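Q: Let me begin by handing over the structure; questions about it come next.
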Amino acid sequence: MKPISKILLLFLVMFTMFCNAQNSFKVPKVLFKSDDLIIKQLSKNVYQHISFLNTDSFGKVECNGMIVKDGNETIIFDTPTDDKSSTELISWIKDKLHCKIDAVIATHFHIDCLGGLKVFEKNNIPSYASNKTIELAKINGSNIPDHGFDNSLTLQVGKQKVYATFFGEGHTKDNVVGYFPNENAMFGGCLIKEINASKGYLGDANVQAWAATVEKVKKAYPNVKTVIPGHGEIGGKELLDYTITLFKNN
């Protein structure tokens, strides 16, 4: 084969790979947007909800949660930050997805996880959190979930399993990670940072343990494809690696 032909062939192969990569990447679709709430579809049965929290140190902060679905059932990780955004989320799931909400799971005791819990209670939606989260919520005067668990929780959504697991301290003493193995989707909550994020609020953190905790998460879920951090942009395994590097050698 002549050199020019080899170059053309190599170019065609690289161009085909580039096009296939572009076609396989799907930008999350915005399904709902108001002043208080955004809902994006990340895959067939995984959604991201985004609400907002006004803070003194970091200004207006976007706060993420995850919705997983199977059949006509859903489970939510973390409530939106307040009653209004939580009301909008519940209404959207019922009216647009035409689904029942089986449960809401809080991943730690801060307001970005529990702020809208009372609306879920009014709608008779069961709420779950680790016993550590419930204990800290009581101490800090936060909304208190109905049901507690020690280190791990398994719930059914439709025909699929959903998990919440405590791997160790990091952002807080009680932070748990949500996982939906049917689509290899993880809700890392505030334990996991978006790419290029700062260390953020450390008032309740264990920075010495943080990296080792995320190492355990990474080992437990080697097939993870979608990772939703507590704040900021979604990604994949690189969010775990970035978080580990950020808190290594503290």
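Q: Can you give me the accessible area per residue for the chain, using a 1.4 Å probe, in Å²?
A: 51 Å²
Q: If the limit is 30 Å between Cα atoms, which of 122/159; 69/132; 161/248; 118/219; 118/237 go over it?
A: 161/248; 118/219; 118/237
Q: Within the chain, what is the longest stretch that has no chymotrypsin sites (Phe, Trp or Tyr not before Pro) placed in a DSSP loop and near at most 12 other beta-carbon atoms within 10 Å? Don't skip to the answer; put the middle values down first.
A: Values: sites that count: 25, 58.
My reading of the result: 59-250 is the longest stretch.
Q: Would you mind calculating the gained length between residue 135 and residue 60 on full extension (0.36 nm times residue separation, minus the Cα-Cα distance), in nm to one decimal?
A: 24.2 nm
Q: Could I ask something else about it? Starting from the Cα of residue 183, step 7 Å toward the Cβ, then list every residue of the range 193-230 with an amide N under 15 Å from that point.
A: Under 15 Å, as judged by backbone N against the label point of residue 183, lie 224-229 of the range 193-230.
Q: Expressed as an acute angle from 0 to 90° and rounded to the nearest 10, what is the orientation of the C-alpha long axis of helix 3-24 relative to the principal long axis of the chain?
A: Roughly 20 degrees between the two axes.
Q: Using only the alpha-carbon atoms, how far is helix 237-247 inclined from the longest principal axis of the chain? Give it as 0 to 90 degrees, nearest 10.
A: The angle comes out at about 60 degrees.
Q: Name the residue, out of 94, 69, 40, whose mean-square fluctuation peaks in a Gaussian network model built on the chain with Cα pairs under 10 Å.
A: 94
Q: On to the next question. Once the piece of chain linking residue 196 and residue 94 is laid out straight, how much longer is it, given 0.36 nm per residue of separation minus the C-alpha distance between them?
A: So the chain would gain 33.1 nm between residue 196 and residue 94.
Q: Turning to a different aspect of this structure: Go through (i) 1.31; (ii) 0.93; (iii) 1.09 and flag the label whose value is the computed Cα Rg over 2.2 N^0.38 Å for this structure.
A: (iii)
Q: I'd like the orientation of helix 207-220 relative to the chain: the angle between its Cα long axis and the longest Cα principal axis, in ° from 0 to 90, rounded to 10.
A: In the chain, helix 207-220 runs at an angle near 60 degrees to the longest axis.
Q: Just to verify a number: FRET efficiency for residue 118 and residue 43, C-beta to C-beta distance, R0 = 22 Å, to 0.05? Before the final figure, lay out the partial values.
A: Values: r = 30 Å, r/R0 = 1.38.
Approximately 0.15, to the nearest 0.05.
Q: Tell me, what % of the accessible area of the range 45-180 is carbon and sulfur with a 1.4 angstrom probe?
A: Ligands and nucleic acids excluded, carbon and sulfur reach 45 percent.
Q: Next question, about the same structure. Given 0.36 nm per residue, what is the gain on full extension from residue 30 to residue 150 after removing their alpha carbon distance, in nm?
A: Details: separation 120, 0.36 × 120 = 43.20 nm, distance 3.53 nm.
So the chain would gain 39.7 nm between residue 30 and residue 150.
The values are calculated or read from the model by the stated rules, or taken from the named source; none is laboratory data. Predicted model, so just to flag it, every value in this text is computed and none were measured. Neighbour counts run over all protein chains shown; Cβ positions are idealised from the backbone, glycine included. The accessibility values were calculated without ligands, DNA or RNA, using every heavy atom of the protein model including side chains. Shrake-Rupley method; radii C 1.70, N 1.55, O 1.52, S 1.80 Å.
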